[in-house]
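J.: Here it is, the structure, as structure tokens.
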Amino acid sequence: MHEIYTASSSAPVNIAVLKYWGKRDTNLNLPTNSSISVTLSQKDLRTLTTVNSSRNFEKDSLYLNGVSHSIENDRTTNCLEQLRSLRQQLEEDDPNLPKLSQWKLHIISENNFPTAAGLASSAAGFAAMVAAISKLYELPQDASELSRIARKGSGSACRSMFGGYVAWEMGEKLDGTDSKAVQIAPPEHWPNMKAAICIVSDLKKDVSSTSGMQTTVQTSELFQYRVNQVVPPRYSQMVDAIKNRDFETFGTLTMKDSNSFHATCLDSYPPIFYLTDTSKKIIKLIHTLNDAIGKVVAAYTFDAGPNAVIYYESENEEVVLGVLFGVLSNVDGWNEMNSATLKVPEGVP
Ligand code: PMV
């Protein structure tokens, strides 16, 4: 009977406030612009992954929410190859180490939220997998270095390697070695920041982000304007807004950037529609609320799906959630709303 080596890690979902949309290298997952996100709390939306390794295992396998998934895809293979080669270097330096790099892996993952409904499930999934395997392999690489590996699984996954406020620096190099995540500020920097997740639909999205991005890159003229003119100044404004805990600017930029990203989707040919009528009602509602109060107290953002994430500060929770619940509970297609606090002091363990 051979020993089984095991390690577990969990990674939360991150929700971009400056969106990544477009790849300049589809194989290495190199983006056409830098992006910024907020990592949600571990207790709300997260993937928990356990990896087992034994010389007895015959093949790599992956179970997601109890269902077997193929591991024979470039995204997963890229990540596994790189992690194994880092482990192999350790084994060459220390011949007493078990040869985990040669053995097959059994990966078991569980999401506590709907998979592939535009709630960044692949981000949490790849981040948790990379974190768990690097723990199993006892790799010395830090979170930023590991983020380059997670990036190859799913671009936005690199940002889930950190808690709090995170930037994915697009980098310039052709080999992608400078395209990695860095932490702008830890979660405790802005302790009263909160996010409400509005699940408009938990169905799988009909256009995956990978294929949607390619259509946009290839066909949208507005996209060129976005990556060249809009995002670069917005990036530094967003970093400053986070550092200064300036919700008015943070919220305004977040909403504008969500709208800009969805505008490039609409400008793609054929057009890509991620927002539904319910999503649009949420947008209007937040603008009406902010106008009524006379300042930005709530900010919406939507990824590649109809579900909204609403950022707000805790002192405004009653008014923000009150308005959302009050108006949306009667809307068709409305299922559920959770309020998630943003506290992930430990990042990915
Ligand atoms: O990481 P991907 O390939 O799932 O793409 C994510 C794209 C958006 O969620 C729409 C934006 C972002 O920056 O997370």
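J.: Kindly provide the set of residues from segment 22-36 that are at pLDDT 95 or above and either more than 8 Å from the ligand (Cβ to nearest atom) or surrounded by fewer than 21 Cβ atoms within 10 Å (Cβ to Cβ) (or both), ordered by number.
T.: Gly22, Lys23, Arg24, Asp25, Leu30, Pro31, Thr32, Asn33, Ser34, Ile36
J.: Identify the single condition in (1) charged (D, E, K, R); (2) crowded, with 20+ Cβ neighbours inside 10 Å; (3) away from the ligand (no atom under 13 Å from the Cβ) that Lys19 does not satisfy, given that it satisfies every other one.
T.: It fails just one condition, (3).
J.: Name the helices (runs of 4 or more DSSP H) wholly within segment 203-250 that hold at least 3 residues that are more than 13 Å from the ligand (Cβ to nearest atom) and more than 15 Å from Ile36 (Cβ to Cβ)?
T.: Hits in segment 203-250: 209-219, 221-225.
J.: Report, by residue number, each residue of segment 307-329 that is free of Cβ contacts under 8 Å to residues at least 60 places away in the same chain and surrounded by fewer than 16 Cβ atoms within 10 Å (Cβ to Cβ).
T.: Glu318, Val319, Gly322, Phe325, Gly326, Ser329 - these are the residues of segment 307-329 that are free of Cβ contacts under 8 Å to residues at least 60 places away in the same chain and surrounded by fewer than 16 Cβ atoms within 10 Å (Cβ to Cβ).
J.: In addition: Output the residues belonging to segment 298-341 that are among the β-branched types (Val, Ile, Thr) and at pLDDT 90 or above.
T.: Thr301, Val309, Ile310, Val319, Val320
J.: Look at Asn78 and say whether it is within 16 Å of the ligand (Cβ to nearest atom), more than 30 Å from Ser279 (Cβ to Cβ) and not aliphatic (A, V, I, L, M).
T.: yes
J.: Also, quick follow-up: With aliphatic (A, V, I, L, M), under 15 Å from Ser121 (Cβ atoms) and away from the ligand (no atom under 13 Å from the Cβ) as the only criterion, which of Val13, Val67, Val51 stands out?
T.: Val67
The values are calculated or read from the model by the stated rules, or taken from the named source; none is laboratory data. This one's a predicted model, so the numbers in the text were calculated from it and none came from an experiment. Cβ coordinates were reconstructed from backbone atoms using ideal geometry, including for glycine residues, and neighbour counts include every protein chain displayed.
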